[in-house]
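Below is one structure, written out as structure tokens; comments come after it.
Read-outs throughout are calculated quantities, based only on the coordinates presented, and are distinct from any laboratory measurement. Quick caveat: nothing in here was measured; it's all calculated off a predicted structure. Cβ sites come from the backbone with ideal geometry, for glycine too, and all protein chains shown count toward neighbours.
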């Protein structure tokens, strides 16, 4: 009986120890969870007032005045040429429903030939000596530019330089006293979900603040140099050129565009990343213009099917489709090369290469890594200047017309080898070689990959083709090598492009 009582007592003691340990564990877990939630709460600011008070003196309202040749009473629109006028039409002279900034008055000086229009936008001061960043479409075509500061002071600005490709403009005001200014932050450090604050002059209402988060990164809208931060912070007409801040008060974007069916904010706004803007601003300040590096090649992305057709393990790098006279040709780059490295950094895709080259110093000799016939080769290229190259006159290329006859249908395409007569009909230079594409079977892989009547096939399997026999030989070689597709180099209206077609 005593032994039985002792066993019961020991069991009770173990149960008490277990219960105590369980309560201690639950208590510790509760404390950890409370600390975690407290830390998360600390990351979300209870107010943006301190930030707004800190940076608002550097945010400015911009008013431009322009004489426009138009019938009196007709509301002028955004100057032509802005790459973002369809996305963010800050229509000159239109605030609300009137063409004058919203006060209902007829613009002064109007007549049957011209009228004076005003436009409103935003900007921000980046140096105490008066340099101001805004959007090019805010000031484009302006006869006068007036800057109103947060304090109410107004100064006239002069235009230092613009960059149409990124829609950035640099202005300068002269002030007897140093001006409050803000600095650029590192936009590459911003993550989806981070808090951001947009400031500016929406709809001509004056200084305004809106807050939101980074909704997406690395958005591309229309240009090769695009690197937009997408945000749900309210951006409206008039916010163009204004800053997008992180919580440290650093500018990580320039508010440039919105997507909207009604012209107002629906929570999809775009700010050009500060790491792009700061480089443009630096060049505009030094030279009054941009000076981007230039390779002198035409490129495209290495897609999965292109990689398979070339026997590559992964789809990466920039595939060279053409090498006209220029730095790349001088350095030994060839059509069909895949550029995998530039100036010591890996190249992810064609967009990555374009941005890296643009940021590089003009005239600088840089190493270039290319993949050629399965082997990596190292080249050295001295960069040219893109602006100079784009200013060179280019020969007009007549648009190809469908060939008059075909010889054989291969891979869903009617193909015909070029003859002197066909070259003449297609307006091709004498000596041009390749296969002209006639009808394309709409159910074929060729149609799915975008092949069109009038395309000219110049290479197959990275070898030149002059005849149908050449083309069929390349197909056989691809099949014998166990490849599912064949890489073609085509030209359409003179522009080259690689296409990988299924041979199965």
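Please report 424, 210, 47 as a ranked list, fewest other C-beta atoms within 10 angstrom at the top and most at the bottom. Each step should come with its number before you reach the end.
Details: 424 10, 210 22, 47 7.
Fewest to most other Cβ atoms nearby, the residues stand as 47, 424, 210.
Based on Cα contacts under 8 Å between residues 6+ apart, region 173-303 shows a relative contact order of 22 percent.
Largest first, the three principal axis extents of the alpha carbons in region 293-391 are 37, 24, 22 Å in whole numbers. Answer rounded, prolate or oblate for region 162-258, using the Cα gyration tensor with square roots of eigenvalues a ≥ b ≥ c: rounded when a/c is under 1.5, else prolate when a/b is larger than b/c, else oblate. Rounded. Assign one of three labels to region 408-502, namely rounded, prolate or oblate, based on the Cα gyration tensor with a ≥ b ≥ c the square roots of its eigenvalues; rounded applies when a/c is under 1.5, prolate when it is not and a/b is larger than b/c, and oblate otherwise. The shape class here is prolate. A simple packing score, the average count of other Cβ atoms within 10 Å per residue, orders the peptides 153-164, 137-148 as 137-148, 153-164, with the highest score first.
Exposure proxy for 414, 237: other Cβ atoms within 10 Å of each Cβ, ordered fewest to most, give 414, 237. For region 458-500, what class follows from the C-alpha gyration tensor (a ≥ b ≥ c being the square roots of its eigenvalues): rounded when a/c is under 1.5, otherwise prolate if a/b is larger than b/c, else oblate? Oblate shape, in that a/c is at least 1.5 and b/c is the bigger or equal ratio.
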